[in-house]
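Structure first, then comments.
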Amino acid sequence: MWVITVFENNTYRMFEYESEKQANLALEGLKSSAILSYTN
């Protein structure tokens with residue numbers, strides 16, 4: 001599972017994706033600071 005963590009205004013949101021391709025597409029559209037990570 002791929003997870004994007006988005007940091008905004010003293011808080012954060014997390015989004016889960018099944019594939020790296022899906023996660024990268026979502027990450028391209030973000031304007032906030034974010035981290036892409038992988039977990040089993």
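Every read-out reported here was derived from the displayed coordinates using simple, explicitly stated rules and does not represent laboratory data. Not measured: the values here are computed from a predicted model.
Here are the numbers for the structure shown:
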item	result
³J(HN,Hα) computed for each position of region 25-31 - Karplus, 6.51 cos²θ - 1.76 cosθ + 1.60, integer Hz, glycine/proline x	4, 5, 5, 4, x, 8, 10
Sequence-separation-based contact order of the chain, relative, with Cα cut under 8 Å and 6+ spacing, percent	53 percent
Stretchable slack from GLU8 to LEU25, in nm (0.36 nm times residue separation minus alpha-carbon distance)	4.2 nm
Under the Karplus curve 6.51 cos²θ - 1.76 cosθ + 1.60, θ = phi - 60°, whole-Hz ³J(HN,Hα) for region 10-15, x wherever Gly or Pro sits	6, 8, 8, 10, 10, 10
